[in-house]
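Engineer: Below: one structure in structure tokens.
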Ligand code: NDP
């Protein structure tokens, strides 16, 4: 995207005014400011010669959610104590399809975090080429340490309010941090009971009740497929590469698995208490043990070293471990500017974001300045929502596709997202995937909004 010096100066001034207004209207929401800023710094220069979007104030409209629903969630714990949490659904933008995006249950959940996630989701869903709008929701409920009964009662209470705001043609939630197979089962069961109908209103369902094959694997697999596409532009591959992965939840597990399948070596995994480093590599057997630890026994990653050796680094993140490829798959802002410098200095060639906004704005700047391959979340982790979209299609058609059929479509979608990023992000011999994803995701939604007039 080549613009003149005068246009750049005009864009800089516009961006400053735009961000000042956004911060004034959304006080105390730093994650939301950060997510919008990351997009706006690419979109504002793009708008310089696109008067039609600018005059219709599309960027301003896209950074204001269609609506925010907040509600009380009361439930009773195992000691018969009444507990009160807050539930949310941010319906951000349904210009190109029904709202679609996950539910997060974590003690840190607040409006700022859900608005950042909902905003990102709009662009991500647009990039998938499927007809999906963007939304996000969740609660400050912390599932850690809760019994199955407590989680069930919370999920049922949460859905007793949410059900009236969602539906297969309105808003289709899925999982996210703290919302896995168990929670989706409880949520969908309560939805089905209240509506007295069986529709694909939630994705990530169990295979026996409308779920899609490959949905569980999709975000992690997609993140590595995207990495492989990026490496392909430099005639390189995942095979033989040392890889650092953060997190040990759904996305991290299947990122690690696909890295293994493609011949890479996974050196690290982490959770909120620290990271483990296994110089011999986390092989198939060790990963299966981690998956059982995290998905069934709900233990801590530190237990890995008692079983397999290696080192546990308490309270630390894995970015100081020298690697070729890095996959941040835990949570937002887990990789800052200093971490990014260390990665680059140690020879890291590629970062593919499995988590949402894991890299701070400073870190993204370091990756782009050093011209390594950097796949931003809205492109690299779109595989999960893409297969959720395929789950909706299968539900609507009342049939199930095979593992191979879904995986093939996932791969095709990740390739298409990569091509869109290349189309809109190529600057000389460098591909700026952040710009490519932002501009590519923006155009489709913006054109739909223009078509609808002033809404
Ligand atoms: P999970 O709940 O399955 O796993 C989350 C992992 O991140 C756990 O290992 C958790 O550790 C760790 N973690 C959470 N918070 C922190 C923190 N503050 N510091 C360090 N580690 C932390 O979630 P997912 O794997 O589903 O999601 C991970 C990321 O991927 C999120 O950013 C999510 O938004 C994003 N994402 C997920 C998709 C999906 O399909 N699931 C789709 C697209 C994006 P602990 O066990 O200690 O809590």
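Engineer: Extension gain residue 107-residue 416, at 0.36 nm per residue separation less the Cα-Cα distance, in nm? Intermediate values should be presented prior to the final figure.
Structural biologist: Values: separation 309, 0.36 × 309 = 111.24 nm, distance 3.58 nm.
Residue separation times 0.36 nm, minus the Cα-Cα distance, leaves 107.7 nm.
Engineer: Please compute the modelled spin-label separation between residue 81 and residue 207, points set 7 Å along Cα→Cβ, answer in nm with one decimal.
Structural biologist: Taking the simple label geometry, residue 207 and residue 81 are separated by 4.0 nm.
Engineer: If you don't mind, there's one more thing I want to ask. State the three equivalent ellipsoid semi-axes of the stretch 67-196, derived from the C-alpha gyration tensor as the square roots of 5 times its eigenvalues, in descending order and whole Å.
Structural biologist: Computed over the stretch 67-196, the values are 25, 15, 12 Å.
Engineer: Based on alpha-carbon centroids, what's the gap between the stretch 405-455 and the stretch 42-98 in Å, whole number please?
Structural biologist: Computed from Cα coordinates, the inter-centre distance equals 21 Å.
Engineer: On to the next question. Kindly work out what percent of the DSSP beta bridges joining two residues of the chain are antiparallel, to the nearest 5.
Structural biologist: Values: 28 of 47 bridges.
If I count the DSSP bridges inside the chain, around 60 percent turn out antiparallel.
Engineer: Now for a separate question. Sorted from largest down, give the three principal axis spans of the alpha carbons of the chain, whole angstrom values.
Structural biologist: 65, 52, 43
Engineer: For the residues 182, 72, what sequence is obtained by ranking on other C-beta atoms within 10 Å, fewest first? Provide the component values of the computation, followed by the final result.
Structural biologist: Working: 182 17, 72 10.
Least crowded to most crowded, the residues run 72, 182.
Engineer: If you rank 230, 449 by fewest surrounding Cβ atoms within 10 Å, what's the result? Mind dumping the intermediate values first?
Structural biologist: Numbers: 230 26, 449 20.
Listing 230, 449 from fewest to most nearby Cβ atoms yields 449, 230.
Engineer: While we're here: With a cut-off of 8 Å between alpha carbons and a minimum separation of six or more residues, what is the relative contact order of the stretch 86-180 in percent?
Structural biologist: Value for the stretch 86-180: 42 percent.
Engineer: How large is the Kirkwood hydrodynamic radius of the stretch 219-371, in angstrom, based on all distinct alpha carbon pairs?
Structural biologist: Values: mean 1/r = 0.0664 Å⁻¹.
Its Kirkwood hydrodynamic radius stands at 15.1 Å.
Engineer: Please report the antiparallel percentage of DSSP beta bridges with both residues in the stretch 41-174, rounded to the nearest 5.
Structural biologist: The antiparallel fraction comes to roughly 70 percent.
Engineer: Still on this model: Taking every DSSP beta bridge that has both residues in the stretch 257-367, what percent is antiparallel when rounded to the nearest 5?
Structural biologist: On the way: 8 of 11 bridges.
Rounded to the nearest five, the antiparallel share is 75 percent.
Engineer: Say each of residue 49 and residue 195 gets a label point 7 Å from the Cα, pointing the same way as Cα to Cβ; how far apart are those two points in nm?
Structural biologist: Here the modelled spin labels are 4.7 nm apart.
Engineer: Still on this model: Could you pull the Rg and Dmax for the stretch 156-296, using just the Cα atoms, both in Å?
Structural biologist: 18.0, 54
Engineer: Next question, about the same structure. Please rank 289, 75, fewest neighbouring Cβ atoms within 10 Å first, as an exposure proxy. If you can, show how the numbers build up before the last one.
Structural biologist: Values: 289 16, 75 20.
So the residues, fewest neighbours to most, are 289, 75.
Engineer: Between residue 297 and residue 74, what length comes free when the chain is fully extended (0.36 nm per residue of separation minus the Cα-Cα distance, one decimal in nm)? Each step should come with its number before you reach the end.
Structural biologist: Working: separation 223, 0.36 × 223 = 80.28 nm, distance 2.69 nm.
Stretched out fully, the residue 297 to residue 74 stretch lengthens by 77.6 nm.
Engineer: Here's a follow-up. Just order 346-357, 14-25, 111-122 by mean Cβ neighbour count inside 10 Å, highest at the front, would you? Could you put the intermediate results ahead of the total?
Structural biologist: Working: 346-357: 24.2, 14-25: 14.1, 111-122: 25.8.
Most protected by this proxy first, the peptides run 111-122, 346-357, 14-25.
Engineer: Give the peptides 233-246, 383-396 in descending order of average Cβ contacts within 10 Å, highest first. Walk me through the numbers before you get to the answer.
Structural biologist: Values: 233-246: 18.3, 383-396: 24.9.
Taking the mean over residues of other Cβ atoms within 10 Å, the ranking is 383-396, 233-246.
Engineer: Ok, one more. Kirkwood Rh over alpha-carbon pairs of the stretch 1-80, then Stokes-Einstein at 20 °C and 1.002 mPa s: what D in µm² s⁻¹, rounded to an integer?
Structural biologist: Details: Rh = 14.9 Å.
It diffuses with D of about 144 µm²/s by this estimate.
Engineer: Find the centroid of the Cα atoms in the stretch 119-138 and in the stretch 324-377, then give the distance between the two in whole Å.
Structural biologist: First find each Cα centre; the distance between them is then 22 Å.
Engineer: Packing-wise, with mean Cβ within 10 Å as the measure, how do 205-211, 145-151 rank, highest first? Could the numbers behind the result be given before it?
Structural biologist: On the way: 205-211: 15.7, 145-151: 13.1.
Ranking, from highest mean packing down: 205-211, 145-151.
Each reported figure results from applying straightforward, stated rules to the coordinates on display, with no laboratory input. Note that the structure is predicted; figures quoted are calculated from it, not measured. For neighbour counting, all protein chains shown are included, and Cβ atoms are generated from backbone atoms with ideal geometry for every residue, glycine included.
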